[in-house]
Ligand code: HEC
Ligand code: HEC
């Protein structure tokens, strides 16, 4: 504020104010009021998962900026608007993400738009950082992009947020063979993360979002997060869970997929034993052991 003129206090005030507006604008996407009211406390005003409540949560609230949406039913593993809508309405078992079906359709529509806009914002930031690091631009500022690079960025944002048609499961489970599924469970290395008895990875260190330790699902007693039918299991096995250590098994035949899903179904004995955020964290860092 060096241009301060004696007797004219408006100049610095206006300048300070306009700087502030520019700063706000440059700081990224401004979400809807619905988002700020209901979601920001966990997911953060800027969609980065750093809301005030997030420090007490495990798993952490998703960062829409840095992480993909995990519930994705499209063949290309990218969540469709419908997937995002569903996961907001249903919530995610065994986490602090509760069901938001009390919100109106219009509000949920706004939220889906917010989530997607945050994702595009994250792609933009990565792209600008990349170009800055390799010296193409001097600083990660969108204004410095040539028209060609702007178009490239838009294409990238489109590709990474646009889902393909839904993944289609095999038609029939009729010939499912759980015994074959059981041997596949081992030959495909599922047991390395989920344990030979399916009770989870006690003793194996997996790292997930934000660098926190991760516990591969207890396939026997825990509620699953992304669906409870054999079709859901097949989709999860085929596509994996985006942004997590759960891999996509792209080489299995349909028959093998069916057998594995059947084995998972026979393994299951869900007990609605909800763990607290603290208990889930203790388990992920290996400080609790299996209970019968
Ligand atoms: C009390 C904290 C909390 C609040 C409030 C909250 N969430 Fe979440 N949300 C979470 C947590 C924790 C996760 C991650 C759960 C997991 O990984 O299992 C999550 C995950 C998500 C996901 C990712 C789903 C996926 O498949 O990857 C979406 C989308 C989402 N929340 C949207 C919302 C929206 C929209 C709102 C506001 C209506 C909201 N959340 C409010 C805690 C919260
Ligand atoms: C590298 C470790 C790893 C391997 C190998 C692995 N998984 Fe997973 N799996 C995970 C993790 C981690 C999760 C939980 C992801 C999350 O929610 O953060 C998971 C989740 C799951 C789920 C739960 C889905 C839901 O909706 O909650 C199923 C079912 C599953 N895995 C089956 C399998 C099967 C079958 C195999 C073998 C083909 C397998 N996994 C191999 C790490 C692994």
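Got a sec? How would 212, 38, 118 order by Cβ neighbour count within 10 Å, fewest to most?
212, 38, 118
With viscosity set to 1.306 mPa s at 10 °C, what whole-number translational diffusion coefficient in µm²/s follows for the chain from Stokes-Einstein and a Kirkwood radius over Cα pairs?
Translational D for this selection: 73 µm²/s.
Going by how many other beta carbons lie within 10 Å of each one, how would you line up 62, 120, fewest first?
In increasing order of surrounding Cβ atoms, one gets 120, 62.
Assuming a ≥ b ≥ c are the square roots of the Cα gyration tensor eigenvalues, decide whether the range 178-284 counts as rounded (a/c under 1.5), prolate (otherwise, with a/b larger than b/c) or oblate.
Judged from the Cα gyration tensor, the range 178-284 comes out prolate (a/c at least 1.5, a/b above b/c).
Could you tell me what fraction of 2.2 N^0.38 Å the Cα radius of gyration of the range 33-161 comes to, as a two-decimal ratio?
Details: Rg = 16.0 Å, N = 129, 2.2 N^0.38 = 13.9 Å.
Here the Cα radius of gyration is 1.15 times the empirical estimate.
Would you mind ranking 232, 48 so that the residue whose beta carbon has the fewest other beta carbons within 10 Å leads the list? Display every interim value, and only then the final one.
Working: 232 17, 48 21.
Exposure proxy ranking, most exposed first: 232, 48.
Once the piece of chain linking residue 89 and residue 278 is laid out straight, how much longer is it, given 0.36 nm per residue of separation minus the C-alpha distance between them? Display every interim value, and only then the final one.
Details: separation 189, 0.36 × 189 = 68.04 nm, distance 2.50 nm.
Between residue 89 and residue 278, full extension yields an extra 65.5 nm.
Name the residues of the range 263-283 whose amide N is less than 15 Å from a point 7 angstrom out from the Cα of residue 173 along the C-beta direction?
The answer is 263-270, whose backbone nitrogens lie closer than 15 Å to the label point.
Taking Cα pairs under 8 Å and at least six residues apart, what relative contact order does the chain come out at, in percent? Walk me through the numbers before you get to the answer.
Details: 385 pairs, mean separation 52.5, N = 292.
Computed over the chain, the figure is 18 percent.
Rule-based calculations on the coordinates, nothing more; no lab input. Quantities reported herein were computed from a predicted structural model and do not represent experimental measurements. Heads up, the Cβs are rebuilt from the backbone with ideal geometry, glycines too, and the neighbour counts pull from every protein chain shown.
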